[in-house]
Amino acid sequence: MTVICCYETTKEYWIGSDTAGSADDFITNVGTKIFSKNNYIVGFAISLRAGNIIEELEDLPKDIKNIEDFRTFRDCVMLAMIEKGGCSSVSQESDSTFMHPLELIVISPYGAWTMGPDYQINEIIEKYCSIGSGELVATGALFFAAINNEPDGEHVIKTSLSAAIKHIGNCSGDCCIMKLNKKKARKKRR
């Protein structure tokens, strides 16, 4: 399973993931679940295949500066999941199709957003967010850092991921961490 978390400091957005992948009782190291794409970073949970499909998409927006840009991103992802079967698999035992939801955190220099399993999108208005099976433990650590205005984003992400890895059995592996420097979105001229 997975834990992805992000944290905002005054100058940066930080995001991180564990490296575990699991199916039933089998847990293996699958590598990072965050990647840089165009001018933003994507963290994905639940479906490794869907994350790989998103990473390979070429028609995603170059920038995500606001919620409207994130809607365009979401629509591209939805279409790719339908076309490439990114969130479904066939059971060998019953020959039926199972749908696997997808959850994302996306950070750009201009903001941070989540996309839920039903493709609902939200702007992250707090300084932090987490998704995946380690979400509750990681969110507790993120909350503590946020109320204390912790300025070291890398330390906050590593501590939050480490807490989830220690206390949630199917989160494991290493902590993968990335950051983006913040920018203010320019207003459109009329």
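We did not get these values from a lab; they are worked out from the coordinates using the rules stated. Note that this is a predicted model, so its numbers are computed, not measured. Here Cβ is always computed from backbone atoms with ideal geometry, including for glycine, and neighbour counts include all displayed protein chains.
Numbers for the structure displayed
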quantity: Sorted peptide list for 151-160, 65-74, criterion being average Cβ within 10 angstrom, highest first; calculated: 151-160, 65-74
quantity: Mean projected area in nm² (Cα convex hull; one quarter of hull surface) for the chain; calculated: 11.4
quantity: Segment 3-181: relative contact order in percent, alpha carbon pairs under 8 Å with at least 6 residues between; calculated: 33
quantity: Packing rank of 178-184, 164-170, 56-62, 4-10, where each peptide gets the mean count of other beta carbons within 10 Å, highest leading; calculated: 4-10, 164-170, 178-184, 56-62
quantity: Highest to lowest packing among 12-20, 114-122, 44-52, scored as the average C-beta count within 10 Å; calculated: 12-20, 44-52, 114-122
quantity: Helix-only [θ]222 nm of the chain, DSSP H runs n ≥ 4, -39500 (n - 2.57) each, per residue, nearest 500; calculated: -9500 deg cm²/dmol
quantity: Phi-based couplings in Hz for segment 115-127 (Karplus 6.51, -1.76, 1.60; Gly and Pro marked x); calculated: 10, x, x, 9, 6, 5, 10, 9, 7, 7, 9, 7, 7
quantity: Under-5 Å amide H pairs with VAL30, H placed in peptide plane, nonlocal only; calculated: ALA20, GLY21
quantity: Euclidean distance between Cα centres, segment 110-163 to segment 1-75, Å; calculated: 13
quantity: Net charge contributed by nearby residues that have their C-beta within less than 14 Å of GLN120 (K/R +1, D/E -1); calculated: -2
quantity: Cα-centre dipole for segment 3-181 with unit charges at Cβ (Lys and Arg positive, Asp and Glu negative), debye to 20; calculated: 360
quantity: Net charge of neighbours whose Cβ lies under 14 Å from the Cβ of HIS167, counting Lys and Arg as +1 and Asp and Glu as -1; calculated: -1
